[in-house]
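One structure is given here, and the rest of the page talks about it.
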Amino acid sequence: MPLIDVSDWLDEQTQDDVFWYVKRLSANDTQATGGHQAGPYIPKQVLFDAIPSLYRPLAVNPDREFELAIDSHADIRTARAIWYNQKTRNEARVTGFGGSSSPLLDPYSTGALTVFAFRRETDTHPPACHIWVCNNLLEEDVVESVIGPVEPGEWRTWPNLLSALVKPTDCRLSREDIPPDWLDRFPTTAEMVRKTIELRPEPMADVDLRLKRRHDCEYQLFLSVEEAIEFPRIALGYKNMDEFLTHAQSVMQRRRARAGRSLELHVRQVLIEEDLVEGRNFDFQPLSEGRKRPDFLFPSAAAYHDPAVPADGLRMLGVKRTLRERWRQVIEEADRIGTKHLLTLDPEVSVPQLTQMHEAGIELVVPESVHNDFLPAVRPHLQTLESFIADVRLLRP
């Protein structure tokens, strides 16, 4: 058990000689794939920045030991960074995480938001790394409130020295191409989704490909609008630290709000384009019981609340950008429906996690183009969005 909470830990790790490398643990990181990778992937440029003595091009496979503390689980050990720098291989790895007993290598940690706080090596101080593996959604929210949302498959450093490359698209707009009123007030996620449809109409693409392409496009659109609005504001400077922190918090909160809202709005648009009528063939975020609001009910909320409609004539679809722990929220929605469907683009699912979902009555709906990102053992249990829509078409309105 941690001896400190994550908020205090983040405060402790906010120092001039410390930087954070943040990612969601992949199935390959946690050895959920059954492979022999030594531990979580850390890019060599991150390790070179943390441990300058590791960069010794004239040495063969130079290495450096350092203290590694997983503070979230009270685990301290000596780890080893090694740079494999021979012609056939040019990568850096960290070993010594502790094998299967380490929370970093536990398949149940797949998808967990994790902070690696590196204390830089200097002439007078050895390198060190303190790690926090988020145990629940509350801890993840605390971390993301500081650095913004971290999507599966991406990583970032904080302060923002380095970041994973985000695949470019032609959806980034120049300042001149951005609607003028957006420069005066930041557009809502719904407005950006509508703009995305203009940029990515995809009339011939199937629903799975259409959803994925638009979701990727809208993220690039968001980044270009954010840059156009925020860079001039940053250039003006700040009167004091409070003003700066208030602005930074506003930017991060907007990023989190957009990340939580985007995918479900894209799904809603695809359903409408597939001639499913809102209010007749589906309802978006209606009330089921009490204050519960599933993302989608089929064929309608009215049918759900009609006792004459049998439960097997109803469907629900939840939408989550990340799965770890969040999938459990879907269990509590729409009590009448036994098997609940959950749409995601997050491939970080281990076999034990999938088993838990199935035992809880959760079936995953994933765009077909994302299936190969999942573990081979998980892929046969994924339903495409196209097949899910074909199923709900058969429900009596």
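Checked against the criterion of being surrounded by 18 or more Cβ atoms within 10 Å (Cβ to Cβ) and under 22 Å from L138 (Cβ atoms), the stretch 48-71 contains one or more residues that satisfy it. Residue count for the stretch 148-163, restricted to those that are open to solvent by less than 60 Å² (accessible area, probe 1.4 Å), modelled with pLDDT under 90 and over 13 Å from the mean Cα position of the chain (by Cα): 1. In the stretch 316-355, which residue that is touching a Pro at 6+ places or on another chain (Cβ under 7 Å) and over 16 Å from H381 (Cα atoms) is most open to solvent (accessible area, probe 1.4 Å)? Per the stated criteria, the residue is E333. With the requirement that a residue be over 27 Å from the mean Cα position of the chain (by Cα) and open to solvent by less than 70 Å² (accessible area, probe 1.4 Å), what does the stretch 260-281 give you? Answer for the stretch 260-281, where residues must be over 27 Å from the mean Cα position of the chain (by Cα) and open to solvent by less than 70 Å² (accessible area, probe 1.4 Å): E274, L276, G279, N281.
Residue by residue, here is whether (1) at pLDDT below 90; (2) of a type in the set (D, E, K, R) holds:
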{"site": "K195", "(1), (2)": "no, yes"}
{"site": "E198", "(1), (2)": "no, yes"}
{"site": "D206", "(1), (2)": "no, yes"}
{"site": "R210", "(1), (2)": "no, yes"}
{"site": "E218", "(1), (2)": "no, yes"}
{"site": "E226", "(1), (2)": "no, yes"}
{"site": "N240", "(1), (2)": "no, no"}
{"site": "E243", "(1), (2)": "no, yes"}
{"site": "A248", "(1), (2)": "yes, no"}
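Taking each residue of the stretch 232-254 that is without any contact (Cβ under 8 Å) to a residue 12 or more places away in the chain and looking for partners that are part of a loop (DSSP other than H, G, I, E, B) with beta-carbon atoms closer than 6 Å, six or more apart or interchain, yields F244/Y238.
Would you be able to say whether some residue in the stretch 238-259 is basic (K, R) and buried (at least 18 other Cβ atoms within 10 Å of the Cβ)? Taking every residue of the stretch 238-259 in turn, at least one turns out to be basic (K, R) and buried (at least 18 other Cβ atoms within 10 Å of the Cβ).
Among the residues of the stretch 7-35, the one identified as open to solvent by 10 Å² or more (accessible area, probe 1.4 Å), under 14 Å from L104 (Cα atoms), of a type outside the set (S, T, N, Q) and not in a strand (DSSP E or B) is A32.
Restrict the check to the stretch 102-121 and report whether at least one residue is over 23 Å from F374 (Cβ atoms), among the polar types (S, T, N, Q) and surrounded by fewer than 19 Cβ atoms within 10 Å (Cβ to Cβ). Taking every residue of the stretch 102-121 in turn, none turns out to be over 23 Å from F374 (Cβ atoms), among the polar types (S, T, N, Q) and surrounded by fewer than 19 Cβ atoms within 10 Å (Cβ to Cβ).
Out of all the residues in the stretch 118-142, which are at pLDDT 95 or above and hydrophobic (A, V, I, L, M, F, W, C)? Of everything in the stretch 118-142, those that are at pLDDT 95 or above and hydrophobic (A, V, I, L, M, F, W, C) turn out to be F118, A128, C129, I131, W132, V133, C134.
Taking every residue in the stretch 60-74 that is closer than 25 Å to E12 by Cα and β-branched (V, I, T) and pairing it with any residue that is part of a helix (DSSP H, G or I) and open to solvent by 10 Å² or more (accessible area, probe 1.4 Å), at least 6 positions away or on another chain, the pairs with Cβ-Cβ distances below 7 Å are I70/P103.
Scanning the stretch 278-308 for residues that are within 16 Å of V392 (Cβ to Cβ) and in contact (Cβ under 8 Å) with a residue 24 or more places away in the chain yields R280, N281, F282, P294, D295, F296, L297, F298, P299, S300, A303, Y304. Meeting the requirement of 1 or more residues that are more than 20 Å from S262 (Cα to Cα), the helices (runs of 4 or more DSSP H) wholly within the stretch 138-240 are 180-184, 207-236. Sub-6 Å Cβ pairs linking a first residue in the stretch 378-393 that is on the phi < 0 side of the Ramachandran plot and surrounded by fewer than 16 Cβ atoms within 10 Å (Cβ to Cβ) to a second residue that is of a type outside the set (A, V, I, L, M, F, W, C) and at pLDDT 95 or above, at least 6 apart or interchain, are R379/H371, ordered by first then second residue. Of the listed requirements (1) surrounded by 14 or more Cβ atoms within 10 Å (Cβ to Cβ); (2) in contact with a helix residue (DSSP H, G or I) (Cβ under 9 Å, 6 or more places away or on another chain); (3) closer than 25 Å to V349 by Cα, Y41 misses just one: (2). For the stretch 356-367, the set of residues classified as surrounded by fewer than 18 Cβ atoms within 10 Å (Cβ to Cβ) and either farther than 20 Å from A334 by Cβ or in contact (Cβ under 8 Å) with a residue 40 or more places away in the chain (or both) is empty.
The residues of the stretch 187-229 that are under 21 Å from Q253 (Cβ atoms) and over 23 Å from the mean Cα position of the chain (by Cα), listed by number, are A228, I229.
The values are calculated or read from the model by the stated rules, or taken from the named source; none is laboratory data. Just so it is clear, the model here is predicted, and its values are computed rather than measured. Using ideal geometry, Cβ is built from the backbone for each residue, glycine included, and neighbour counts are taken over all protein chains shown. Just the protein is used for accessible areas: all its heavy atoms, side chains included, with ligands, DNA and RNA removed. Shrake-Rupley method; radii C 1.70, N 1.55, O 1.52, S 1.80 Å.
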